[in-house]
Amino acid sequence: QVVLVESGGGLVQPGGSLGLSCAASGSTFGIIYMGWYRQAPGKQRELVATITSAGRTNYADSVKGRFTISRDNAKNTIYLKMNSLKPKDSAVYYCKAVMRSRADWGQGTQVTVSS
């Protein structure tokens, strides 16, 4: 099992920036890729961005050009740098680690974009 701990959420004004971190521990050797997902009230959880162990990235169209996912393999940590934030980016952001036979989720961190 992989334990994921997110940090960095909070309140930011529209147009502002925020960074999230997700530290993985436990059976991290089997991770194929990790990613960020988000869920707003009343909506389904959706993909934000993913990054493979080789560093290949994938983004939702809604965040392309504004968000950047990165990873530090030595620290088993991924990051999400969010720029030009919009109110519609407000959600609980979850970190996910995908292995061959399972996936584990973090507890989530709230991001609120509001003036």
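The values are calculated or read from the model by the stated rules, or taken from the named source; none is laboratory data. Nothing here was measured: the structure is a model prediction, and the numbers come from that model. With ligands, DNA and RNA removed, areas are computed over all heavy atoms of the protein, side chains included. Shrake-Rupley method; radii C 1.70, N 1.55, O 1.52, S 1.80 Å.
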- Extent along principal axes [Cα atoms of the stretch 73-115; Å; largest to smallest]: 41, 21, 14
- Rounded to the nearest whole Å², what accessible area per residue is found for the stretch 8-80 with the 1.4 Å probe? 55
- Task: Considering Cα pairs under 8 angstrom that are at least six residues apart, work out the relative contact order of the stretch 67-115 and quote it in whole percent.
- Result: 30
- Note on the structure: Between residue 90 and residues 5 or more places away or on another chain, the pairs with built amide H atoms under 5 Å apart involve 113
- Task: Could you work out the relative contact order of the stretch 33-115, using alpha carbon pairs under 8 angstrom and six or more residues apart, expressed as a whole percent?
- Result: 28
- Task: Calculate what fraction, in whole %, of the accessible area of the chain sits on carbon and sulfur atoms when a 1.4 Å probe is rolled over the protein chains.
- Result: 48
- Note on the structure: Expressed in angstrom, Rg and Dmax over the Cα atoms of the chain are 13.4, 43
